[in-house]
Amino acid sequence: MATFGSFCLLIALVLGAYNLFAGAVALRLISTGQPARISPERLADTARRAGIAGFIAVTGAAFALIWSVFANDFSITYILEHSNRALPIPYKFAALWSGQEGSLLLWAWLLGTYGFILRLRHKTDVKLYAYAGTILAGIQVFFLSVLVFAAPPFALLSGAVPEDGNGLNPLLQYPEMVIHPPMLYLGYVGFSVPFAFALGALMMRYPGEKWIRVTRIWTMVTWLFLTCGIFLGMHWAYAVLGWGGYWGWDPVENASFMPWLTGTAFLHSVMMQERKGMMKSWNVWLIFSTFLLTMLGTLLTRAGLVSSVHAFAQSSIGTWFVVFMGIVLAVCIFTYVLQRSHLHTEHHMESLVSRESSFLFNNLVLLTACFVILWGTLFPIISEYVQGTKVTVGAPFYNRVAVPIGLFLVFLTGVGPLLPWRATSFKAVKRNFVLPVIALWVAVIVCLAVGVRPWKDGTLDSGSFYAIVAFAVAAAVLTAIIAEFLRGAGVISRQTHRNLFAATWLLTRRNTRRYGGYVVHIGVVVVVIGLAGSAFNRSIESEMGLHSKMGVGPYTLECMGFTQDSNGNYNSDYAVLDVSQGGKKVFQMTPERRFYLASGQPQTMVSIHSTPEWDLYVVYEGTNPDTGQPIIKAFLNPLVGWIWLGLVVMVLGTFIALVPSLSPATAAFRVPAKQAVPMTPALKGGD
């Protein structure tokens, strides 16, 4: 299988190179109109077919690696280092992306899959798709070159072949790690598609804004994948690492968050270009930056530039990525300078109090957050290069800057829907902002009434202060969004005599993009509420013998015993804890400590009991070598469940936004003829 896999990669590289070269030549001949011995259209079609064949070849290589994992072929160095015979079947699939070579192969395969889908749809707009396909081929050639020359996944072991492998990293042996990396990579790789369309549209001076409409679904689906990948990573860190948190501003966490920020900014600002023909240059550079940040994220994860609990593979391929990113940046700058006159617009912002300004401020805030995170992430690398010593930037730096920026961003998600396009009258502002402002102050009063104080021992407690602000802003934004739904649904309800629920559904179906976006904003607010709960986390640690007790919040934990278990993959120690509330046993928890046999590494398996109010989070930290008794640490983390609920709401909102809106004729048809509702601007399918 090693020979077959290597051959597939080599064939894929040759096909990718032909796709790039033939596609570029064909597009050049078409744009110049020069006569040629072969039809440019025919040459372009052969390039497209080579791209499809290249996808089949990369698929063969990926299949060969997976087959080798299941066949326990330890003659392949990669399989020896990342698998073993006792590894459970789901984690054998995870071996594909657990190391550098496999993850790069996954990158190439996913890019080939996206390119395959794109090339099948080439008749949608032949020339634009040809440009995008050729640019994707250039990206694919880079990754295949790395796989063939710098990081071959099918390299054979020299010497005797061991009977068993070293096993998968224990941190990766958790159910979510079977789907978290692929989901994250679907987001990373997916942003190559809108990047290719944007660069291609700029190269060919594509008229109008159609390229944005063509790539809208690609961008939204990619953004959704990246969002799910980030949250799955958060949940993995929460459930596996045993530190009681879910986001530590780790460099690899930051690397996934930065393209999410710029991608979110792009999704918002393209609405300005579609509706007003504004921010053309801005949008082009947003998607260029997003793609470059995905490359940076892959570099940080796989090249060993930063120390991270998430960076499971380290190597010397960094130079390849740096050179490639330099080439991409040079191509983007050259194309932009050459074609910048094509991005000129006659439209300008008319008022600072308008929906246009809210989109602009939204973008500025997102990019500010991205720059702060980028600076903090790269600072250790820069400091080592300049001073010779690596200076690490910790979580306090990010929290001091990112928390206020994030709260202002949430505030803008509520302000935007309340502002009309072009300009806003004082009367409209007063009418639309009364209820949200009332909700804001009610939330502040409720926080103070239940005992949340923004000061402690006479000094400002930043955690509690920001939590109050977060709850207040969340209440205001939710009120603003719900009021928008009720305002439109009320009009439909009065004119059709439908109940409010049916009217809200019809309102959403008439403009899925707008109201799906509002649902996504609701999800973001729910996440912020969950994050705000971290200001009130509590924890306690104690050595626990038989029938020892420990209290945290309203719960009392009593140790009922210890037990051990083993299988071919690991040995484990359990603590059995009865949890009581108000003197009555309510449930039992079993935190676990595993010792993996193949790698010789320990791993914590946290026990978590979740309620809408808080999580009881219990960790088996190890055993006291003097007494032989387990050390148990318990956390009470308020509102953590709201974070995962917020993700569900965001996914729902994205799916709604992806569904085509009802056409005016269809929307009217769904209403009884005598009660047909005129399609007012607020109910039409715009933004």
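Of the residues that make up segment 498-507, is at least one in contact with an Asp or Glu (Cβ under 7 Å, 6 or more places away or on another chain) and modelled with pLDDT under 90?
Scanning segment 498-507, I find no residue that is in contact with an Asp or Glu (Cβ under 7 Å, 6 or more places away or on another chain) and modelled with pLDDT under 90, so the answer is no.
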(request) Kindly indicate whether residue 553 is surrounded by 14 or more Cβ atoms within 10 Å (Cβ to Cβ), at pLDDT 85 or above and more than 31 Å from the chain's Cα centre (by Cα). (result) yes
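Just for strands (runs of 3 or more DSSP E) wholly inside segment 573-687: which have at least 3 residues that are modelled with pLDDT of 90 or more and touching a helix residue (DSSP H, G or I) at 6+ places or on another chain (Cβ under 9 Å)?
Here the list reads 614-623, 630-638.
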(request) List the number of the failed condition for residue 158; all other conditions in (1) assigned by TED's automatic domain parsing to the domain that holds residue 54; (2) at pLDDT 90 or above hold. (result) (2)
(message) Restricting to segment 235-255, and then to whatever is in contact with a His (Cβ under 9 Å, 6 or more places away or on another chain) and not in a loop (DSSP other than H, G, I, E, B), can you tell me which residue is surrounded by the most Cβ atoms within 10 Å (Cβ to Cβ)?
(response) 255
(request) Look through segment 444-463, keep the residues that are touching a helix residue (DSSP H, G or I) at 6+ places or on another chain (Cβ under 6 Å) and modelled with pLDDT of 90 or more, and return whichever of them is surrounded by the fewest Cβ atoms within 10 Å (Cβ to Cβ). (result) 444
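Restricting attention to segment 58-72, which residues are on the phi < 0 side of the Ramachandran plot and surrounded by fewer than 21 Cβ atoms within 10 Å (Cβ to Cβ)?
The answer is 59, 60, 63, 66, 67, 70, 71.
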(request) Within segment 95-128, track down each residue that is among the hydroxyl-bearing types (Ser, Thr, Tyr) and outside any helix (DSSP H, G or I). (result) 98
(request) Determine if segment 533-548 includes at least one residue that is at pLDDT 90 or above, buried (at least 21 other Cβ atoms within 10 Å of the Cβ), under 18 Å from residue 465 (Cα atoms) and within 37 Å of the chain's Cα centre (by Cα). (result) yes
(message) Looking at (1) farther than 23 Å from residue 364 by Cα; (2) touching a Leu at 6+ places or on another chain (Cβ under 9 Å); (3) hydroxyl-bearing (Ser, Thr, Tyr), which one does residue 264 not meet, given that it meets all the others?
(response) (1)
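The values are calculated or read from the model by the stated rules, or taken from the named source; none is laboratory data. Nothing here was measured: the structure is a model prediction, and the numbers come from that model. All Cβ positions, even for glycine, are placed from backbone atoms using ideal geometry, and neighbour counts span all protein chains on display.
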